[in-house]
Amino acid sequence: MKKTLYILIAIATTFAACKKGELVESTPYTKINVGDPAYSFLRFINVTPGSPSINFYLNDTRISGAYNALTGETGFSYLNIFPLIGGQFLPITPGTNKIDAKIVSSAATDKSLNVFNSTITTGGGKYYTMFTTGSYNTADKKITSSLLLEEVKPALDTTKIFVRLVNLYNGGTANIDMVQRTTGQIIIPNVAFNSASGFVEIPLPGQANIYQFNNTGTTTQTSPTLITATLTKGQAYTFVLRGVAGSTTTPFGINFYASFY
């Protein structure tokens, strides 16, 4: 996680009286330290199967995406993250904020259509990840659910690895256990759809980190898909289960990323 963030608070360059050929850039910046209580820190991950390319809006102001001269407005589709650079978050005003998502204006159909609405409440100095979840409803043209997850840092230790599980797998028949395949030990039990566990320490982190995911309380795998993860001691990781049961387009899948290091 970056130690310092900078916000551009005025997009204006002025030209002062100066010698010929000199250019004076007078844009003011605000320096924001990690955990600054004047801000909350937010990022978005689109985990909605079938989602169109969207951009996010904070209190009716677009905060993501860009404009490409050739293709028009760019956005974020399934499994995309904003901000784009890992470990970065967007500083926002703490308290209650309105979040929307709209289809990009460059889309072939439903240009600029509002497909997601939510209201979030965040605390000063805290970090959050907002997952769009569920499946895209093509009839109503809506992303129907989301999960706001506060990023609470565990007590990192250079001899330990921590993991947590986010279950965003649509249509599963049971809650899910994360299991260390080598030993059969349950690392994280009983995670319901559209929820997350806390961080837990992996026992014997020197073993091969091969994980499977079982229907809670059984040895029946939710999916035959396994994941082999190279994890580093002293870090904390988030595993995200995604996809739609029975789908060949967006089947059960697993992603993981370092949350703290």
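In the set (1) surrounded by 15 or more Cβ atoms within 10 Å (Cβ to Cβ); (2) under 18 Å from PHE41 (Cβ atoms); (3) of a type outside the set (Lys, Arg), the condition left unmet by THR121 is number (1). Suppose we keep only residues that are touching a residue at least 24 places away in the same chain (Cβ under 8 Å) and among the polar types (S, T, N, Q) within the stretch 124-141. Which one would you say is surrounded by the most Cβ atoms within 10 Å (Cβ to Cβ)? Residue satisfying both the conditions and the ranking: THR132. Within the stretch 63-93, restricting attention to residues that are in a strand (DSSP E or B) and in contact (Cβ under 8 Å) with a residue 40 or more places away in the chain, the residue that is surrounded by the fewest Cβ atoms within 10 Å (Cβ to Cβ) is PRO91.
Per-residue answers, yes or no, for (1) free of Cβ contacts under 8 Å to residues at least 24 places away in the same chain; (2) among the acidic types (Asp, Glu); (3) out of contact with any Leu (no Cβ under 7 Å at 6 or more places or on another chain):
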| residue | (1), (2), (3) |
| --- | --- |
| LEU148 | no, no, yes |
| LYS153 | no, no, yes |
| ASP157 | no, yes, yes |
| ASN167 | no, no, no |
| GLN180 | no, no, yes |
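The sole residue among ASP157, ASP177 that is in contact with a Pro (Cβ under 7 Å, 6 or more places away or on another chain), outside the structural domain of PRO83 (by TED's automatic domain parsing) and more than 22 Å from TYR57 (Cβ to Cβ) is ASP177.
The values are calculated or read from the model by the stated rules, or taken from the named source; none is laboratory data. What you see is a predicted model, and the numbers here were worked out from it, not measured in a lab. Note that we place each Cβ from the backbone using ideal geometry, even for glycine, and neighbour counts take in every protein chain shown.
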